[in-house]
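Student: Got a structure for you, written out below as structure tokens; questions coming shortly.
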Amino acid sequence: MRHHAPAMATVEIRELSKRFGKVDAVRHLSFDVQAGRVTGFLGPNGAGKSTTLRALLGLIRPTAGTATFDGKRYEELEHPSAAVGAVLEDASFHPGRSARNHLRVLATTGRHPASRVDEVLSAVGLGDAADRRVKGYSMGMKQRLGIAAALLGDPEVLLLDEPTNGLDPPGIAWMRGMVREQAAQGRAVLISSHLLAEVSQSVDDVVVIANGELRAQGTLDAVLGGDDAPETEVSSEDQDTLAAALTAAGATVQRDRDKLLVPGMTPAQVGAIAAKAQVTVLGLAPRARSLEQAFMALTAERRS
Amino acid sequence: MSALLQAELLKLRTTRTFAALIGSATVVSLLVLVLGTTLSDFETEEDVRAAFAGDFTGLFILLLGAMGMAGEWRHKTITSTILAAPDRLRLLVAKAVSYAMAGVVVSFVITAALMIVGTVILSSRDQVTLDSATLLDIMWRNLVVSAYLGALGVLIGTIVRSQVVAIVGILIFAFVVEFTLFGLVPDVAKFSPLNGAPGGVIDVSFDGDQTDLLAPGIAALVMLGWVSTLFAAGAALLRGRDLT
Ligand SMILES: Nc1ncnc2c1ncn2[C@@H]1O[C@H](COP(=O)(O)OP(=O)(O)OP(=O)(O)O)[C@@H](O)[C@H]1O
Ligand SMILES: [Mg+2]
């Protein structure tokens, strides 16, 4: 495998808009995907993720704006399959053709050595099924074949639209590892999902869209982890006394079964108050707002 | 272009459609020939030419091209095809040329079979047979028409995008529309794309009336006109289309 020199922004989306009839699928969307990093492209159903990826790949014509790889549109790339590998949502194959023959056709078009076919087939774990007709493949096997096709040209950029669809838990774990490995080798990886939990373990950056518009972008922590308002969870030998002390200190205390929730205070502040009230603390921890909650908040309908 | 062309030919060879269509075309063509040469009398060279003209082969090749291209939409492989070859114009040329080449191969095999079987049957019945120069003349005319029909099928498939509509449309056009046209206005019908102009090149008339035919050279030009027109239409549609 070749190692890629870290480049600047590999993929650039600038002011991209796409309108289907009356539907504004994507509106003035701008973001970058960096080489050597995995970027999660997140948004609820119908947010415009697939539309953006298809515009990037020249499959649909943007109403306005540009989507380029190192400044070139996909159609302008000299050797597209060596530059960009893509797995789209409904990866489809001729049912009567075997996986190997499907990849042979793509290798012929892209002028890749025939040996690549076997390499990618075994890389995705389809070596044994390679000569069976795709008609008999399970959804996960088709997904793996789509990934094999994307990897065929050893591309610098990988675009994956909901690639874990149809994969079993080992398949999902394999996918995460594959994505991390590709980024570690210097490739730019953009992976879309409507489920944050599916990608939160494998992405460095996130781009969040909803209703065709950018909602946030940056590192995973900065976008979804950053929580200005602390919240502390505490349990003690005498919850009533502690609750009274905290309330006296100006906190609004909520009871959550045997624990107290103290919004607006850090564990250090809560600990100090407990000490002053001479209550033995059994457990004390910051409560992180879950990533999923932050994601939901970001993508929630905006009412103006 | 050659890589694209190779890939398209590989696609053709790696599904059963191609083999099934060639098989059916061979069987049907031979059946019709054997019945005809066994049962009816062949008194003129024209009769024999008509028997070797390979009408059914042409129809199968046309359907093969149309189904091959419309199948890209049916199986949703068009996305992966265009990702591999983003220049849609070049892709369409490669498709059309590959099916034209397939048409030539199929036509060569079937015409040769028809000529051998037909000549054996006719000579055993002491009917008129053709000399090898005439057979060669028929052969190349068949090959030209088959190449044309292969490409035309691809272009029809590009425009129609549905296998069923393409097949039904082609059959109706060939057997109802053009047939009616030959009955009503033969001067217009001889320019028609499926029977008229190809009949001029093959020099065999749809209804046996030689006066209805264009001269081979003119007919070839008319065929070029049809291919160019459908290519322009297909290319415009293919390039403008959003693949979602
Ligand atoms: N060909 C089309 N014609 C009309 N509207 C379309 C078309 N394709 C997409 N849309 C609309 O554009 C919007 C964005 O769709 P898109 O498929 O990009 O969403 P997505 O983020 O990929 O959603 P999902 O998570 O469900 O895959 C939706 O409102 C959808 O209905
Ligand atoms: Mg989608």
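The values are calculated or read from the model by the stated rules, or taken from the named source; none is laboratory data. Just so we're clear, the structure is a prediction, and the values are computed from it rather than from any experiment. Positions of Cβ are backbone-derived with ideal geometry, glycine not excepted, and every protein chain shown enters the neighbour counts. We work out accessible area using only protein heavy atoms, side chains counted, and drop any ligands, DNA or RNA first. Shrake-Rupley method; radii C 1.70, N 1.55, O 1.52, S 1.80 Å.
Student: Once a ≥ b ≥ c are taken as the square roots of the eigenvalues of the Cα gyration tensor of the range A:189-304, is the result rounded (a/c under 1.5), prolate (a/b larger than b/c) or oblate (a/b not larger than b/c)? If you can, show how the numbers build up before the last one.
Tutor: Numbers: a/c = 3.28, a/b = 2.54, b/c = 1.29.
Prolate is the answer for the range A:189-304, as a/c is 1.5 or above and a/b outweighs b/c.
Student: What do you reckon, how do B:SER123, A:SER92 stack up by accessible area (1.4 Å probe), largest on top?
Tutor: Working: B:SER123 60, A:SER92 30 Å².
Largest accessible area first, the list is B:SER123, A:SER92.
Student: Is the range B:1-138 rounded, prolate or oblate when judged by the Cα gyration tensor, a ≥ b ≥ c being the square roots of its eigenvalues, rounded requiring a/c under 1.5 and prolate requiring a/b larger than b/c? Before the final figure, lay out the partial values.
Tutor: Values: a/c = 3.65, a/b = 2.63, b/c = 1.38.
Here the range B:1-138 falls in the prolate category.
Student: So, one more: If you count, for every residue in B:69-75, the Cβ atoms of partner chains within 10 Å of its Cβ, what is the mean? Don't jump to the answer; show the numbers that get you there.
Tutor: Values: counts 0, 0, 2, 2, 0, 2, 7.
So the per-residue partner count for this stretch is 2.
Student: Label points 7 Å out from Cα along the Cβ direction at B:ILE218 and A:VAL281: separation in nm?
Tutor: Once both label points are built, they end up 10.2 nm from each other.
Student: Continuing with this model, one more query. Working out 0.36 nm times the residue gap between A:THR252 and A:HIS194, then minus their Cα-Cα distance, what length gain in nm do you get to one decimal?
Tutor: Values: separation 58, 0.36 × 58 = 20.88 nm, distance 3.49 nm.
That works out to 17.4 nm of additional length.
Student: Here's another thing I want to ask about it. Taking Cα atoms, how many degrees apart are the long axis of helix B:88-124 and the longest axis of chain B, rounded to 10 and kept between 0 and 90?
Tutor: Once rounded, one gets 20 degrees.
Student: Based on the Cα coordinates of the range B:2-239, what is the per residue volume of their convex hull in Å³? Don't jump to the answer; show the numbers that get you there.
Tutor: On the way: hull volume 28.4 nm³, N = 238.
Spread over its residues, the Cα hull of the range B:2-239 gives 119 Å³ apiece.
Student: So, in nm, how far is label A:GLN185 from label A:SER235 when the simple model puts each one 7 Å beyond its Cα toward the Cβ?
Tutor: 4.8
Student: Now a separate question. Over 22 Å between C-alpha atoms is what I'm after, so list which of A:LYS135/B:LYS11; A:LYS22/A:LYS142; A:LYS72/B:LYS11 land there. Let's see the in-between values first.
Tutor: Details: A:LYS135/B:LYS11 16 Å; A:LYS22/A:LYS142 34 Å; A:LYS72/B:LYS11 29 Å.
Where the Cα-Cα span goes over 22 Å, the pairs concerned are A:LYS22/A:LYS142; A:LYS72/B:LYS11.
Student: Around B:MET115, with a cut-off of 14 angstrom between Cβ atoms, what is the net charge of the other residues, counting Lys and Arg +1 and Asp and Glu -1? Could you put the intermediate results ahead of the total?
Tutor: Numbers: positive: B:ARG49, B:ARG141; negative: B:GLU45, B:ASP131, B:ASP137.
Here the charged neighbours net out to -1.
Student: Between Rg and the Kirkwood Rh of the protein assembly as shown, both from Cα atoms, what is the Rg to Rh ratio?
Tutor: Numbers: Rg = 32.9 Å, Rh = 27.7 Å.
That ratio is 1.19, to two decimals.
Student: Next question. Shape verdict for the range A:1-115, please, from the Cα gyration tensor: rounded (a/c under 1.5), prolate (a/b greater than b/c) or oblate. Walk me through the numbers on the way to the answer.
Tutor: Working: a/c = 2.02, a/b = 1.33, b/c = 1.51.
Cα axes put the range A:1-115 in the oblate bin.
Student: Would you mind getting me the FRET efficiency between B:ALA233 and B:PHE179? Use the beta-carbon distance for r and R0 = 25 Å, nearest 0.05. Could the numbers behind the result be given before it?
Tutor: Working: r = 24 Å, r/R0 = 0.96.
In this case the efficiency is close to 0.55.
Student: Now, a different point. Please give the solvent-accessible surface of A:MET296 in Å², to the nearest 10, using a probe radius of 1.4 Å with every protein chain present.
Tutor: In the full protein context, A:MET296 sits at about 130 Å².
Student: Still on this model: Could you list the residues of the range B:87-102 with an amide nitrogen less than 20 Å from a label point located 7 Å from the Cα of B:TRP140 in the Cα-to-C-beta direction?
Tutor: Inside the label zone: B:100-102.
Student: Oh, and also: Please compute the net charge surrounding A:THR247, taking Lys and Arg as +1 and Asp and Glu as -1 over other residues with Cβ under 13 Å from its Cβ.
Tutor: Details: positive: A:ARG255; negative: A:ASP240.
Net of charged neighbours comes to 0.
Student: For chain A, what does the helix formula give at 222 nm: sum of -39500 (n - 2.57) over DSSP H segments with n ≥ 4, over the residue count, nearest 500 deg cm²/dmol? Walk me through the intermediate numbers first.
Tutor: Working: 10 runs with 94 residues, N = 304.
Only helices count here, giving -9000 deg cm²/dmol.
Student: Compute from the Cα atoms of chain A the Rg and the Dmax, the latter being the longest Cα-Cα distance, and quote both in angstrom.
Tutor: 24.2, 77
Student: Just from its helices, what would the mean residue ellipticity at 222 nm be for chain B, if runs of 4 or more DSSP H residues each count -39500 (n - 2.57) and the sum is divided by every residue, rounded to the nearest 500 deg cm²/dmol? Working shown, then result.
Tutor: Numbers: 12 runs with 189 residues, N = 244.
Taken over chain B, the calculation gives -25500 deg cm²/dmol.
Student: Within a 10 angstrom radius of each residue's Cβ in B:79-92, how many Cβ atoms of other chains show up on average? Whole number is fine. Write down the numbers at each step before the final one.
Tutor: On the way: counts 9, 13, 3, 5, 15, 11, 5, 11, 4, 2, 0, 0, 1, 0.
Going residue by residue through B:79-92 and averaging, the value is 6.
Student: Kyte-Doolittle mean at least -1.0 and Cα extent at least 20 Å along the axis: which DSSP H helices of chain A qualify? Don't skip to the answer; put the middle values down first.
Tutor: Details: long enough: A:169-184 (22 Å, -0.19).
Within chain A the helices that satisfy the rule are A:169-184.
Student: Another question about this same structure. Gap in Å between the Cα centre of the range A:59-104 and the Cα centre of the range A:239-278?
Tutor: If you average the Cα positions of each part, the centres end up 57 Å apart.
Student: Hey, what did chain A get for relative contact order, percent, Cα under 8 Å, at least 6 apart? Intermediate values should be presented prior to the final figure.
Tutor: Working: 607 pairs, mean separation 62.4, N = 304.
This gives 21 percent for chain A.
Student: Taking the Cβ of A:ALA25 as the centre, find all other residues whose Cβ is under 13 Å away and add up their charges (Lys, Arg: +1; Asp, Glu: -1).
Tutor: +4
Student: If you take the Cα Rg of the range A:117-265 and divide it by 2.2 N^0.38 Å, with N the number of residues, what do you get? Please report the intermediate quantities before stating the final value.
Tutor: Numbers: Rg = 23.2 Å, N = 149, 2.2 N^0.38 = 14.7 Å.
For the range A:117-265, the normalised Cα radius of gyration is 1.57.
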